[in-house]
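Working notes, beginning with the structure itself.
The values are calculated or read from the model by the stated rules, or taken from the named source; none is laboratory data. Everything numeric here is computed off the predicted structure, so don't read it as measured data. Virtual Cβ from ideal backbone geometry, glycine too; neighbours counted across all protein chains shown. What goes into the accessible areas is simple: the full protein's heavy atoms, side chains included, and nothing from ligands, DNA or RNA. Shrake-Rupley method; radii C 1.70, N 1.55, O 1.52, S 1.80 Å.
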Amino acid sequence: MTRLLDRLLVAVYVAVAALPAFAMLADWRGRELHGSLEPAKLPAITFGDVLTEKVQHGIVAWFEGNLGLKGSSIALDNAILYHVFGETRPGAGVRLGKDRFLFGNEDIDYYNKTGRWIVDPAYVEKLAEQIANVQRRLRAQGRALVPVIVPAKTSIWRDKVPDAWVMDLPSPRPADETTRMVKEALAKRGVVFVDARELFVTSTVPRIDLYGPDARHWSAYGACLAMSAIVDAHAQLTATPRLSHDCVFQRQRVPRSNDDFDLWRLLNAQWVYPTVKQVPGVKHPPPPPARSRPRMLVTSTSFGWQLMRDAYDSGVFAAVWMNYYNQVFVDAAEGPNAVRIPVEPSKPGWRDRVMTNDLIVLDLFESYLGYPEAYVQLFLDDVTRALDAPR
């Protein structure tokens, strides 16, 4: 009886060990994985690469990368980490906070900013001066540049950050000091800007409706409130009537591919479900007829996608474009499958997509605020050169 049991256990062990390879041959892919998992390709075989074992390592990587049921195996492993140890997989890009709130690694790094990541106050002054200069020159043309302080999730939900992740730093924390310096430098120069962080912190709207527990970005409703403040700034800068942009709150069920679940998807864990079933959405009243409608460009991080969609859905703009990280242009009218056009200031098309807009929104995302190499500086340099160029 004992020998029979041993044989059965050996058979089960062999079957389990062989299952991924068998599933690979049968093309059983298992659960879909979200995030950046590089596809592994079978390497070309050359004599030199065999001698250096490059081919052997490449074949192992290809085999492991294409094992059947790999997604299901990873999801099971991640589920054990989540449910038993209250942790997420290292390298997943997402961390589990208090009360099941999820945070991106970037936001935690920003909250603990110190050392060489401290922003140079002299650069903040220079940046604010350039923003003021561009806003003033565009204003003289009847156009509006509206900078927006975009909050990191840790600025809105810092009470959900576990103590173990919080570095012992002076109060106020260097991250908060950076935002304060930028706001003061802009205000000192009379720059009209939108402080979405302050808007969210002081809002009577529940935080969960502005920035969801499973989300990396603000909600559609939060973006709409920020867009309404942008519309206010546009009216002030252009001395024109305020555009008919209003946010009617509505809670709705959406697919799990929605932005409100982007961090949850990165968990890639079995038997882990989103914290909320319905997310805050927006309904825009039809705008009144207008003789002409302004054109808008959003120069932004990924937070700009919601702004772009909100502006387009409101119906008050003739055209809405996104300048994503000052790398590619996207036309909101083309929808999710829009062609991404490279940002090339030397080409004639760049001026048409940038300098002809009535409203330019400049995303000042807290996590990237105050770094000379960031998209903000690159875009401002491009616009400044265009304004300086003879017409």
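Considering the conditions (1) more than 21 Å from LEU243 (Cβ to Cβ); (2) open to solvent by 10 Å² or more (accessible area, probe 1.4 Å), ALA332 is excluded by exactly one of them, (1). Taking residues in region 162-180 that are assigned to a loop (DSSP other than H, G, I, E, B), and partners anywhere that are of a type in the set (Gly, Ala, Ser), the pairs with Cβ atoms closer than 8 Å and at least 6 places apart or on different chains are PRO162/GLY97. Residues that are over 12 Å from LEU362 (Cβ atoms) and assigned to a helix (DSSP H, G or I) within region 133-145 comprise ASN133, ARG136, ARG137, ARG139, ALA140, listed in sequence order. Would it be correct to say that ASP107 is open to solvent by less than 60 Å² (accessible area, probe 1.4 Å), part of a helix (DSSP H, G or I), among the charged types (D, E, K, R) and touching a helix residue (DSSP H, G or I) at 6+ places or on another chain (Cβ under 7 Å)? When the stated conditions are applied, ASP107 passes them. Residues in region 335-382 that are surrounded by fewer than 21 Cβ atoms within 10 Å (Cβ to Cβ), in contact (Cβ under 8 Å) with a residue 12 or more places away in the chain and more than 23 Å from ARG136 (Cβ to Cβ): 5 in all. Among the residues of region 111-125, those identified as in a helix (DSSP H, G or I), over 20 Å from GLU87 (Cα atoms) and in contact (Cβ under 8 Å) with a residue 60 or more places away in the chain are PRO121, TYR123, VAL124, GLU125. The condition of being of a type in the set (A, V, I, L, M) and farther than 25 Å from VAL316 by Cα holds for only one of LEU263, LEU225, LEU237, LEU297, that being LEU263.
Return yes when SER314 is surrounded by 22 or more Cβ atoms within 10 Å (Cβ to Cβ), in the same structural domain as VAL150 (by TED's automatic domain parsing) and touching a Leu at 6+ places or on another chain (Cβ under 9 Å) and no when it is not.
It is true that SER314 is surrounded by 22 or more Cβ atoms within 10 Å (Cβ to Cβ), in the same structural domain as VAL150 (by TED's automatic domain parsing) and touching a Leu at 6+ places or on another chain (Cβ under 9 Å).
Identification of strands (runs of 3 or more DSSP E) wholly contained in region 220-310 with 1 or more residues that are open to solvent by 40 Å² or more (accessible area, probe 1.4 Å), touching a residue at least 40 places away in the same chain (Cβ under 8 Å) and outside the structural domain of VAL84 (by TED's automatic domain parsing) yields 248-252, 295-300.
Each row is one residue, and each column tells you yes or no for (1) open to solvent by less than 60 Å² (accessible area, probe 1.4 Å); (2) β-branched (Val, Ile, Thr).
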position: ARG158; (1), (2): no, no
position: ALA175; (1), (2): yes, no
position: MET181; (1), (2): yes, no
position: LEU186; (1), (2): yes, no
position: ASP195; (1), (2): yes, no
position: THR202; (1), (2): no, yes
position: LEU210; (1), (2): yes, no
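When ARG95 is tested against (1) open to solvent by less than 40 Å² (accessible area, probe 1.4 Å); (2) in a strand (DSSP E or B); (3) at pLDDT below 95; (4) not polar (S, T, N, Q), exactly one condition is not met: (1). Consider PRO90 against the criteria (1) within 21 Å of the chain's Cα centre (by Cα); (2) assigned to a helix (DSSP H, G or I); (3) free of Cβ contacts under 8 Å to residues at least 40 places away in the same chain: it satisfies all of them except one. Which criterion is unmet? Checking PRO90 against (1) within 21 Å of the chain's Cα centre (by Cα); (2) assigned to a helix (DSSP H, G or I); (3) free of Cβ contacts under 8 Å to residues at least 40 places away in the same chain, the one that fails is (2).
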